Amino acid sequence: MAKLVLIIDDLCIMLDLVEYMLQMAGYEVMTVSDALTALAQIETTSPDLILLDVMMPSMSGYQFIAELRERHQTIPIVLLTVKEHTPEEMRQLGVAGYLRKPFHQIELLSLLHELLSDPQNSNALC
């Protein structure tokens, strides 16, 4: 069964580009252009992972993370941002990782594979 990835970004071109990359790699994808709509969407459909832009109008990616965590959601989040983050900042935010824009498709797919791989399946080959 394909893993479901929610992409949250206010730039339509970014949504379209990342959606295409992930669909071609076999992921199921939902796209949302603002964080408030994303919070509502997550109430009905829980994704396996969230790709989150940081700088958005209305609600920033940081505010989204705080709100999501208050709602008891432990969905892994990967930030897509032009900002650089230290390991300490990532720990404080509670995110699984981040990619600096612009990023390469192989970086994105490698990180998603790492975060979404089922450890039981990888051990089955041993």
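The values are calculated or read from the model by the stated rules, or taken from the named source; none is laboratory data. Treat the numbers as computed from the prediction; the structure is a model and nothing was measured. Virtual Cβ from ideal backbone geometry, glycine too; neighbours counted across all protein chains shown. What goes into the accessible areas is simple: the full protein's heavy atoms, side chains included, and nothing from ligands, DNA or RNA. Shrake-Rupley method; radii C 1.70, N 1.55, O 1.52, S 1.80 Å.
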Item to check | Ratio Rg/Rh [Cα only; Rh per Kirkwood] for segment 2-126 | outcome: 0.95
Checklist entry - Among the trypsin sites (Lys or Arg not before Pro) within segment 49-95, which fall in a DSSP loop and have no more than 13 other Cβ atoms within 10 Å of their own Cβ? => result 71, 83
Next on the checklist: Compute the angle between helix 12-24 and the longest alpha-carbon principal axis of the chain, please, reported from 0 to 90 degrees and rounded to the nearest 10.
Outcome noted: 10
Checklist entry - Pairing the Cα long axis of helix 35-44 with the longest principal axis of the chain, what angle in degrees results, from 0 to 90 and rounded to the nearest 10? => result 50
Checklist outcome for this item: Contact order relative to length for segment 1-113, counting C-alpha pairs under 8 Å separated by 6 or more residues, stands in percent at 23
Next on the checklist: Net charge within 15 Å of residue 98 by Cβ-Cβ distance, Lys/Arg positive one each and Asp/Glu negative one each, not counting residue 98 itself?
Outcome noted: -3
Item to check | Helix-only mean residue ellipticity at 222 nm for the chain, each DSSP H run of n ≥ 4 adding -39500 (n - 2.57), per residue, nearest 500 | outcome: -13500 deg cm²/dmol
Item to check | Charge sum, other residues only, whose C-beta stays under 14 Å from residue 57's C-beta, Lys/Arg counted +1 and Asp/Glu -1 | outcome: -4
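Accessible area per residue of segment 17-70 at 1.4 Å probe, in Å²?
48
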Next on the checklist: Compute the helix-to-body angle for 61-70: its Cα long axis versus the longest principal axis of the chain, expressed 0 to 90° and rounded to tens.
Outcome noted: 70
